[in-house]
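Throughout, read-outs are computed from the coordinates displayed, never taken from laboratory work. Not measured: the values here are computed from a predicted model. Because the Cβ atoms are built from the backbone with ideal geometry, glycine has one as well, and the counts that use them run over all protein chains shown.
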Amino acid sequence: MRGTTCNLDYDLPTLELRGLHKSFGQLDVLRGIDLKVAQSELVFVVGPSGSGKSTMLRCCNRLEEPSAGEVLLEGVSIAGARVDLNTVRQRIGMVFQAFNLYPHLSARKNVTLALRKVQGLRKKNADEIALAALDRVGLSDKADSYPSELSGGQQQRVAIARALALEPQVMLFDEPTSALDPELVGDVLEVMRDMKSAGITMLVVSHEMNFARDAADRIIFMDQGKIVEQGPPKEIFEAPRNERTRVFLSRVMGS
Amino acid sequence: MEKIIEQFFNIEIMVAAWPTILKGLGVTTLICIAVIPMGLAGGLLAALGSGARRRLVRWPTIAFVDFFRSIPPLVLLIFVYAGLPFTGFRLSPFSAVVIAFFLNNSAYYGEIFRAGIVSVGFGQTEAARSTGLSYAQTLLYVVLPQAVRNVLPDLLSNTIEVIKLTSLASVVSLAEILYSAEMARSVTYNASPLVLAAGVYLVFLWPMVRLVSRFGRVLGHD
Amino acid sequence: MSQWERFVDTFLNRAVLAQYAPDILKGVWVTIELSLMIVVIGTFLGTVLALIRAYEIRILTGFIVVFADVFRALPPLVLILIIFFGLPNAGIFLSSFLVLFLVLMLILAAFSEEIIWAGITSVDRGQWEASRSTGLGFSQSLIWVVLPQAMRLAIPPLTNRAIAITKMTALGTVIGVPDILNQATTAQSFSGNASPLMLAAMAYVLLFLPLVIMSRWLEHKFAWRKA
């Protein structure tokens with residue numbers, strides 16, 4: 001199933017990072033990131049730990065505040081005095097490595113919470129949307145289960161549904177399968193493949209190389225806070241131009 | 001406003017009351033020296049008893065602990081001080097305080113030690129016994145040191161409660177801090193000696209309370 | 001008279017008990033009333049203070065911390081006497097019942113605030129991040145996602161603390177609140193017999209033992225959750 005998209009429009013990128021810098025005290029984690037993600041594109045970010053991949057992702061919805069540079073959603077900066085952060089965040093979906101489901105709420109309620117409290121939807125509407133989202137990830141029969149009753153893979157899928165229900169412009173994935181037992185990873189990747197087919201714009205930080213090869217439109221290799229190399233999977237996996245990329249890939253792919 | 005300062009923060013009266021209150025501090029310290037170690041010892045016994053394998057030991061111990069956690073310390077104190085004489089035992093205020101507090105504190109320290117012992121986990125005991133250590137040695141050298149370290153913040157927290165509890169001794173006319181301050185108040189019709197006493201308690205207990213909060217183990221036992 | 005008969009006559013004297021039981025019962029109602037008021041209002045106030053602290057407004061946090069420290073460091077009896085004897089001379093007149101309620105309520109509020117705040121700070125940061133990422137504001141995240149989880153952590157220590165503080169209603173005796181102990185000591189001095197005291201002790205145990213056992217059960221239940 002070749003999932004790569006044609007006709008990627010970079011003149012109106014859904015998500016754009018311009019000159020993004022982030023320092024934690026003396027430590028420079030991001031040293032100037034320029035990135036455009038087109039609509040419906042699936043961009044895959046790889047790199048050694050400490051390269052700043054997660055930090056870059058977290059700057060995209062301001063879980064981390066950039067030290068310098070801009071993040072633009074459909075051409076408009078997400079920072080700035082006029083911006084209502086909560087509204088902006090609803091247009092950016094985030095999936096965490098640790099799932100971060102609310103343990104005291106059922107799957108359904110995990111999804112409807114933001115719909116009801118931020119969008120002000122009534123219970124009936126919110127429930128409908130939630131069930132539809134849970135259905136998309138294949139868990140409509142678990143709507144009333146609590147996180148503690150679900151497997152890791154199921155929990156992560158509920159987390160995806162929680163983000164999807166808000167119909168965001170772009171979905172951010174921070175190592176979505178790294179905390180999962182190997183046999184559960186497939187279910188989550190399946191959901192991500194479906195999302196790609198549906199045309200959802202996705203920025204994914206992950207180690208799942210096979211998935212990247214199949215589904216990604218573009219792979220980005222980051223090291224020490226900068227983008228070292230980027231290109232279509234074929235190019236990156238078969239003929240990486242940069243030495244560091246080569247070294248990293250050989251380590252990760254084990255060949 | 002002036003009335004409030006005059007009534008609560010009258011420096012002259014505080015200065016006059018200071019010597020008596022200082023003596024009271026001495027008595028309070030004496031009570032603590034007597035009561036805290038005894039409570040710790042009793043608590044340790046209670047903890048061991050409530051975890052015993054034999055039901056004949058375990059159930060009465062747990063009953064003892066729960067009973068003395070249910071009865072208010074003041075009620076216990078007055079019962080011991082005013083009730084016991086009816087059976088022919090005449091007790092001095094100090095003795096009554098020591099007995100009542102011993103019973104009360106053993107129950108509370110007992111629960112804390114029990115939680116500490118449980119937190120060490122049975123694996124430690126198994127390992128120790130497999131190397132030939134006896135029950136007592138295992139307890140003394142392996143389990144208890146870890147148990148105590150685990151619940152140190154809770155022990156501190158409870159000790160603060162015990163120190164505050166000494167103020168109850170004033171009700172049976174033992175001349176500790178509060179009693180002395182109360183005497184001064186009733187003579188001067190001014191609450192400043194009480195405020196001074198409060199100040200003395202704060203000097204010793206505020207830092208300890210801060211320490212407990214810092215430890216962050218407020219979610220442990222009370 | 002044998003030892004046992006002497007004991008019964010002193011501590012379990014039918015006649016004395018019959019005469020003074022009604023008064024002790026009145027004391028029980030007072031104790032229950034006070035305890036309920038203290039627990040409900042004290043925990044509510046403590047929760048509000050902990051929530052306010054979550055907004056990290058320096059000066060408010062400062063006040064709350066000082067309040068919580070002072071009311072946890074001072075012996076309740078000292079506070080009760082200061083307020084009871086001091087206020088009238090400063091022109092404010094409060095009943096002994098009200099003074100006892102106020103002091104114990106504030107003490108429970110102080111302990112509750114610390115316990116609930118510890119709960120709030122224990123909730124995993126990921127919970128904040130997840131809820132904020134879906135657009136929930138700070139207050140909404142605090143109330144709908146973090147606080148419920150914090151309360152779950154806080155319940156065992158809160159129950160223990162509430163029981164300890166409601167037992168302190170017995171201190172009301174010292175300032176004349178007609179609680180169980182007061183009725184008992186009065187009855188005792190009138191009758192010259194220790195049975196009222198025995199009845200008082202039993203009344204307290206009957207009231208609080210179920211609570212103590214329940215809190216023991218609660219801790220056991222919540223210990224499983226953590227594992």
Quiz item: Given +1 on the Cβ of Lys and Arg, -1 on the Cβ of Asp and Glu, and no further charges, what dipole in debye does the range A:105-162 carry about its Cα centre, rounded to the nearest 20?
Solution: 300
Self-check item: Selected from C:Ile116, C:Phe7, C:Ile38, residue furthest toward positive end of dipole (the range C:1-152; charges at beta carbon)
Solution: C:Ile116
Quiz prompt | Residues C:Tyr204, A:Tyr146, B:Tyr189, sorted so that the one with the fewest Cβ neighbours within 10 Å comes first | solution = B:Tyr189, A:Tyr146, C:Tyr204
Quiz item: Which ordering of C:Lys26, C:Lys167, A:Lys124 is given by a fewest-first count of other beta-carbon atoms within 10 Å?
Solution: A:Lys124, C:Lys26, C:Lys167
Self-check item: Using θ = phi - 60° and Karplus 6.51 cos²θ - 1.76 cosθ + 1.60, couplings along the range B:175-180 (whole Hz; Gly, Pro as x)
Solution: 7, 8, 3, 5, 4, 4
Quiz prompt | Within the range A:1-69, trypsin sites (Lys or Arg not before Pro) in DSSP loop having at most 15 other beta-carbon neighbours inside 10 Å | solution = A:Arg2
Practice problem: Pairs of Cα atoms under 8 Å, at least six residues apart: use those to get the relative contact order of the range A:3-125, whole percent. | Solution: 23
Quiz item: With point charges of +1 on the Cβ of Lys and Arg and -1 on the Cβ of Asp and Glu, referenced to the Cα centre of the protein assembly as shown, which listed residue (A:Val137, C:Ser191, B:Leu155) lies farthest in the positive direction of the dipole?
Solution: C:Ser191
Exercise. Restricting to the range A:131-234, compute how many DSSP beta bridges are antiparallel as a %, nearest 5.
Key: 50
Exercise. Could you run the Karplus curve 6.51 cos²θ - 1.76 cosθ + 1.60 with θ = phi - 60° over the range B:141-152 and give me ³J(HN,Hα) per residue in whole Hz, x for Gly and Pro?
Key: 9, 10, 6, 4, x, 5, 4, 5, 4, 5, 10, 3
Quiz item: Helix A:182-197 versus the longest principal axis of chain A: what angle, 0 to 90°, nearest 10, using Cα atoms?
Solution: 90
Exercise. Report the charge-dipole magnitude of the range C:3-226 in Debye, nearest 20, computed about the Cα centre from +1 at each Lys and Arg Cβ and -1 at each Asp and Glu Cβ.
Key: 480
Practice problem: Treating the angle as unsigned and between 0 and 90°, give the value, to the nearest 10°, between the Cα long axis of helix B:11-50 and the longest Cα principal axis of chain B. | Solution: 10
Practice problem: Of the listed pairs A:Lys53/A:Lys123; A:Lys22/A:Lys142; C:Lys167/C:Lys221; A:Lys117/A:Lys142; A:Lys117/A:Lys226, which have alpha-carbon separations greater than 32 Å here? | Solution: A:Lys53/A:Lys123; A:Lys22/A:Lys142; A:Lys117/A:Lys226
Practice problem: Taking the Cα centre of the protein assembly as shown as origin, sum charge times position over the Cβ atoms of Lys and Arg (+1) and Asp and Glu (-1), and report the length of that vector in debye to the nearest 20. | Solution: 880
Practice problem: Rank these for me by crowding, C:Phe93, B:Phe9, going from fewest to most other beta carbons within 10 Å. | Solution: C:Phe93, B:Phe9
Quiz prompt | Crossing angle, helix B:55-70 versus chain B [Cα axis fit, 0-90 degrees, rounded to tens] | solution = 20
Exercise. Would you grab the residues whose amide H sits under 5 Å from the one on A:Val170? Only those 5+ places off in sequence or on another chain, please, with H modelled 1.01 Å from N.
Key: A:Gly93
Quiz item: Within 10 Å of each Cβ of C:82-91, how many other protein chain Cβ atoms are there on average?
Solution: 6
Quiz item: Over chain A, what is the mean sequence separation of C-alpha contacts under 8 Å (at least six apart), divided by residue count, expressed as relative contact order in percent?
Solution: 28
Quiz item: Taking the Cα centre of each part, how many Å lie between the range C:103-160 and the range B:125-196?
Solution: 29
Quiz item: Taking amide hydrogens as modeled 1.01 Å from N in the peptide plane, which residues meet the under 5 Å criterion relative to A:Arg218, leaving out close sequence neighbours?
Solution: A:Leu42, A:Phe44
Quiz prompt | Dipole of the protein assembly as shown, positive direction: furthest Cα of C:Ala90, A:Ala38, C:Ile163, with charges on the beta-carbon | solution = C:Ile163
Self-check item: Value of relative contact order over the range C:3-226, rounded to a whole percent, pairs C-alpha under 8 Å and six or more apart
Solution: 32
